[in-house]
Amino acid sequence: MSLLFEITVALTIYLFYRATQSSKIFLAIVIAWVAIQAILGLSGFYYLSKEAPPKLPLLVGPPTVLITILFLVKKGRSFIDGLSIANLTLVHSVALLVETVLYFLFIYKLLPKAMTFEGSNFDILSGLSAPIVYYFGFAKKRPNRAVLIAWNLICLLLVINASRIAVMSMPNIGLIGAEQPDIALGLFPFILLPAVVVPLVLFAHLASIRNLVIKRPSPNLLPG
């Protein structure tokens with residue numbers, strides 16, 4: 001499961017990198033962030049227990065701040081406007097791999113059933129539908145803005161719901177799955193889910209919605 005998840009993280013970064021038209025700045029920032037979190041994760045810094053103070057903000061805080069800045073400043077919006085919505089759509093296919101990993105982590109008693117597709121996490125639908133949306137929306141070169149906006153909004157809610165369950169399942173919160181709490185997200189490499197995968201997925205949805213709503217020129221819709 002560790003190897004499969006590491007492949008998932010690498011695939012997420014690669015697909016988003018393609019959406020940026022191969023931005024070396026993006027790649028450098030993400031690799032540096034992964035390296036920092038790997039060092040902290042392997043040291044046991046993020047280990048989750050009932051007594052451990054919450055350290056989740058250290059994982060999700062910096063990416064959240066950076067994404068917010070990109071939407072607020074002119075250069076950031078220019079970067080967002082240059083993203084390929086087609087390739088951003090493919091980013092969401094990684095949800096299928098993520099949900100597979102989460103399911104086996106549940107089997108190994110490292111997180112509660114609520115965090116899986118057998119529980120209350122339905123984000124697997126994003127992973128299953130992303131290739132279909134990509135094929136009919138972009139491979140056929142007939143993107144329907146209304147459909148793409150609706151799909152991104154629905155999938156965005158699915159990611160938010162999955163994130164809510166993960167937070168509420170942590171042992172120092174214990175509002176969900178107290179009998180088998182979420183300790184996996186305090187272990188490396190699984191800390192990269194909230195630190196890297198989820199922020200990139202959320203950013204991909206938000207960027208796609210922005211560009212679709214403001215009706216960017218068609219080249220930004222097509223694969224890069």
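The values are calculated or read from the model by the stated rules, or taken from the named source; none is laboratory data. Bear in mind that the values here come from a model prediction, so they are computed numbers and not experimental data. Don't worry about glycine lacking a Cβ; one is built from the backbone with ideal geometry, like all the others, and counts go over all protein chains shown. Accessible surface areas use protein heavy atoms only, side chains included; no ligands, DNA or RNA. Shrake-Rupley method; radii C 1.70, N 1.55, O 1.52, S 1.80 Å.
For every residue, the table says whether it meets (1) open to solvent by 60 Å² or more (accessible area, probe 1.4 Å); (2) touching a residue at least 12 places away in the same chain (Cβ under 8 Å); (3) of a type in the set (Ser, Thr, Tyr).
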site	(1), (2), (3)
4	no, yes, no
15	no, yes, no
18	yes, yes, no
52	no, yes, no
64	yes, yes, yes
67	no, yes, no
74	yes, no, no
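Kindly establish whether residue 178 is assigned to a loop (DSSP other than H, G, I, E, B), at negative phi and either aliphatic (A, V, I, L, M) or open to solvent by 60 Å² or more (accessible area, probe 1.4 Å) (or both). Judged against the criteria, residue 178 is a match. Pairing each residue of region 25-43 that is of a type in the set (A, V, I, L, M, F, W, C) with any residue that is surrounded by 17 or more Cβ atoms within 10 Å (Cβ to Cβ) and not in a helix (DSSP H, G or I), provided the two are 6+ apart or on different chains, yields C-beta distances under 6 Å for 26/20; 42/188. If you go through region 72-90 and pick out every residue that is farther than 22 Å from residue 11 by Cβ, part of a helix (DSSP H, G or I) and of a type outside the set (Lys, Arg), you end up with 4. List the number of the failed condition for residue 188; all other conditions in (1) out of contact with any Pro (no Cβ under 7 Å at 6 or more places or on another chain); (2) in a helix (DSSP H, G or I); (3) among the aromatic types (Phe, Trp, Tyr); (4) in contact (Cβ under 8 Å) with a residue 60 or more places away in the chain hold. Result: residue 188 fails condition (2) only. Here is the figure for region 13-47: residues that are over 20 Å from residue 191 (Cα atoms) and β-branched (Val, Ile, Thr) total 2. Which residues, counting only those in region 76-87, are within 24 Å of residue 143 (Cα to Cα) and open to solvent by less than 50 Å² (accessible area, probe 1.4 Å)? The answer is 80, 81, 82, 83, 84, 85, 86, 87.
Quick one: which of 125, 148, 157, 193 is in contact (Cβ under 8 Å) with a residue 24 or more places away in the chain, in a helix (DSSP H, G or I), over 21 Å from residue 5 (Cβ atoms) and out of contact with any strand residue (DSSP E or B) (no Cβ under 6 Å at 6 or more places or on another chain)?
Details: 125 fails: over 21 Å from residue 5 (Cβ atoms); 157 fails: in contact (Cβ under 8 Å) with a residue 24 or more places away in the chain; 193 fails: over 21 Å from residue 5 (Cβ atoms).
None of the other options fit; the residue is 148.
Could we say that residue 106 is modelled with pLDDT of 95 or more, touching a helix residue (DSSP H, G or I) at 6+ places or on another chain (Cβ under 8 Å), over 22 Å from residue 190 (Cβ atoms) and in a helix (DSSP H, G or I) here? Taking the combined requirement at face value, the residue does not satisfy it.
Could you look through region 131-152, keep only residues that are surrounded by 14 or more Cβ atoms within 10 Å (Cβ to Cβ) and among the aliphatic types (A, V, I, L, M), and pick out the one that is farthest from residue 90 (Cα to Cα)?
Step one: list which residues in region 131-152 are surrounded by 14 or more Cβ atoms within 10 Å (Cβ to Cβ), which gives 131, 133-134, 137-138, 143, 145, 148-149, 151-152.
Pick out the ones that are also among the aliphatic types (A, V, I, L, M) and you get 133, 148-149.
Values: 133: 9, 148: 13, 149: 15 Å.
Checking each candidate, the answer is 149.
Has region 75-87 got at least one residue that is among the β-branched types (Val, Ile, Thr) and over 24 Å from residue 168 (Cα atoms)? Looking through region 75-87, at least one residue is among the β-branched types (Val, Ile, Thr) and over 24 Å from residue 168 (Cα atoms). Count of region 29-49 residues, restricted to those that are closer than 25 Å to residue 211 by Cβ and open to solvent by 60 Å² or more (accessible area, probe 1.4 Å), is 1.
Being touching a Phe, Trp or Tyr at 6+ places or on another chain (Cβ under 9 Å) and of a type outside the set (Phe, Trp, Tyr) narrows it down to one of 119, 174, 127, so name that one. The match here is 119.
Only one entry in 49, 43 is at pLDDT below 90, among the hydroxyl-bearing types (Ser, Thr, Tyr) and more than 20 Å from the chain's Cα centre (by Cα), namely 49.
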